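The values are calculated or read from the model by the stated rules, or taken from the named source; none is laboratory data. These figures come from a predicted structure and were not determined experimentally. Heads up, the Cβs are rebuilt from the backbone with ideal geometry, glycines too, and the neighbour counts pull from every protein chain shown. All accessible areas refer to the heavy atoms of the entire protein, side chains included, with ligands and DNA or RNA removed. Shrake-Rupley method; radii C 1.70, N 1.55, O 1.52, S 1.80 Å.
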Amino acid sequence: MAQGTNPFAALKSKLFDLQLDLDLTTTTATSVTVKLADLTFALDLAGQKLFGATVTPIANHVKLRILRDWGQYEIFANDGQVVHTDVHAFMPSDSSFSVTGDGSVGLASADLHQLGRAWPGTAATSSVIIDDSDVGTTYTWRLEPSQRRPLLQGQRALQHHRPVLRGAVHRHMRRMVRPQKYRPWQS
């Protein structure tokens, strides 16, 4: 791969699994730049760094696996020697990606797989929203006696633990009972 050349220029994808095997014996580049739409990161071949972590070549090869989804990406170097996962708000209209070097890059192999839906069927056109701010909506969670855990020694026994939950479902689904500190002088 010649300097500044992107072998993936003709390809477009927003959801993919890209596996690269870089042969360092035929590479003159000191850095390989990967661009996923509006996100750019670099593999420093001279300093052997990716996202600040050391990437040690194995038999003069560096393997990169790049997974891109709608709002996140994952990078694996050398089958997990370095792993970087992050969320990113990709531009919805940009499905480009590129791999370029500041010199020639020995690309031993490249595998690109487009990813499909993980769930069967078609995507919903709208989501169902549950309005749980309604006063009439109540969520109840109850511990059965067999599910109760013994209290720490010195704490008073908890007779009944039946918290009633109100409010948004995504908030805490149960209240945690915080044990008070054991103070023997207050017994």
For Arg117 the rounded accessible area (nearest 10 Å², probe 1.4 Å, non-protein molecules ignored) is 130
Taking a ≥ b ≥ c as the square roots of the Cα gyration tensor eigenvalues, with a/c under 1.5 meaning rounded and otherwise prolate when a/b beats b/c or oblate if not, region 35-107 comes out prolate
Surrounding charge for Pro57, neighbours by C-beta under 15 angstrom, Lys/Arg +1, Asp/Glu -1, total -2
Given a 1.4 Å probe, the accessible area of region 1-113 per residue, as a whole number of Å², is 49
The ³J(HN,Hα) series, computed from each phi in region 93-101 with the Karplus coefficients 6.51, -1.76 and 1.60 at θ = phi - 60°, rounded to the nearest Hz and given as x for glycine or proline, is 8, 9, 10, 7, 8, 8, 9, 9, x
Between the modelled labels at Trp119 and Ser96 (7 Å from Cα along Cα→Cβ) the distance in nm is 3.3
